[in-house]
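Asks: Okay, here's the structure, questions in a sec.
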Amino acid sequence: MDKGMLIVIAGPSGVGKGTVKNELLQRNENLVESISATTRKPRAGEVEGISYYFKSEGEFDDLIIDNMFLEYCGVFERRYGTMREFVEENIDLGHDVLLEIDVQGALKVRGSKPNAIMIMLLPPSLPDLIERLQKRNTETEVEINRRFSKAKMEISQTNCFDYVVVNDTIENACKKIELIIKAEKLRSERSSDFVTKIIEN
Ligand code: 5GP
């Protein structure tokens, strides 16, 4: 059985990573979502083990000590981490694992998983991004300003990614990401077993 791929979707806060991710998961049966651990408190409607694994500071420290994270980092004074075992087991089972993560974390994943497909999701413009953050109504004004400043820094790291997708509409963004996944599956290095079989026959 072919192994799955790790698909990393990163981008500044408010760009719509979560919405694009959910749409992709609905449309593509083979995609599995990586669920992160976090020390932040659940927001209304968030469910343990589905939105995140919500951890205390101490529990998060234990996960770090036990090397359970593929990457972890502090984002806005809270910590977030990608669960290593979950990602590796699903890839071995042939599933494509979708990781929606901040830019800082994505770059760390590239370090430990060089084959990961790195997609930067960008807003059509910066005013558009701030409007989305305000509409979301989940952060204070101070936090929105902080996320906006960070966004500019994150966008400047786009050249470390394999692909850029502008989230002008969810439909367009999803279609482009689906094309990227299809093309990646056709890469010659992913077909080496098939090529060997043809030659041997
Ligand atoms: P939120 O608190 O709004 O759910 O997420 C805040 C930020 O943390 C988002 O940019 C989100 O993508 C990022 N994030 C979520 N999970 C992880 C993770 O496992 N690792 C890292 N580095 N960032 C994450």
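The values are calculated or read from the model by the stated rules, or taken from the named source; none is laboratory data. What you see is a predicted model; the values in this text were computed from it and never measured. Note that we place each Cβ from the backbone using ideal geometry, even for glycine, and neighbour counts take in every protein chain shown. The protein model used for the area step is the full one, side chains on, heavy atoms only, and it has no ligands, DNA or RNA in it. Shrake-Rupley method; radii C 1.70, N 1.55, O 1.52, S 1.80 Å.
Asks: Note down the relative contact order for the chain as a percent, whole number, built from C-alpha pairs under 8 angstrom at least six residues apart.
Replies: Working: 280 pairs, mean separation 62.1, N = 201.
The normalised contact order for the chain reaches 31 percent.
Asks: So what's the angle, to the nearest 10 degrees on a 0 to 90 scale, between helix 141-155 and the longest Cα principal axis of the chain?
Replies: Computed tilt is about 30 degrees.
Asks: Please give, to one decimal in nm, the separation of the simple spin-label points placed at LYS108 and GLU85, each 7 Å out from Cα toward the Cβ.
Replies: Inter-label distance under the simple model: 1.9 nm.
Asks: Among THR19, GLN134, ALA44, whose Cα sits farthest toward the positive end of the charge dipole of the chain (+1 at Cβ of Lys/Arg, -1 at Cβ of Asp/Glu, about the Cα centre)?
Replies: GLN134
Asks: With every protein chain present, what is the per residue accessible area of the chain (1.4 Å probe, Å²)? Provide the component values of the computation, followed by the final result.
Replies: Working: 11010 Å² over 201 residues.
Averaged over the residues of the chain, the accessible area is 55 Å².
Asks: Can you tell me the 0 to 90 degree angle between the C-alpha axis of helix 170-185 and the longest principal axis of the chain, rounded to 10?
Replies: 30 degrees
Asks: Another question about this same structure. Could you let me know the centre-to-centre spacing of the stretch 151-169 and the stretch 5-65, using Cα atoms, in angstrom?
Replies: 19 Å
Asks: Could I ask something else about it? Please compute the length gained on full extension between LYS197 and ASN115, using 0.36 nm multiplied by the number of residues separating them and subtracting their Cα-Cα distance.
Replies: Working: separation 82, 0.36 × 82 = 29.52 nm, distance 2.32 nm.
Here the answer is 27.2 nm.
Asks: Would you mind listing how long the chain runs along its three principal axes, going by Cα atoms, in whole Å with the largest first?
Replies: If we take the Cα atoms of the chain, the spans are 65, 40, 29 Å.
Asks: If you place +1 on the Cβ of every Lys and Arg, -1 on the Cβ of every Asp and Glu, and leave all else neutral, what size is the dipole of the stretch 6-200 about its Cα centre, to the nearest 20 Debye?
Replies: Details: 27 positive and 33 negative charges, 132 e Å.
The calculation lands at about 640 debye.
Asks: Which order do MET5, MET153, MET68 take by accessible area at a 1.4 Å probe, largest first?
Replies: On the way: MET5 5, MET153 100, MET68 65 Å².
The residues order as MET153, MET68, MET5, largest area first.
Asks: A further question on this structure: Enter the angle in degrees (range 0 to 90, nearest 10) between the Cα long axis of helix 103-112 and the first principal axis of the Cα atoms of the chain, meaning the one along which they spread out most.
Replies: 30 degrees
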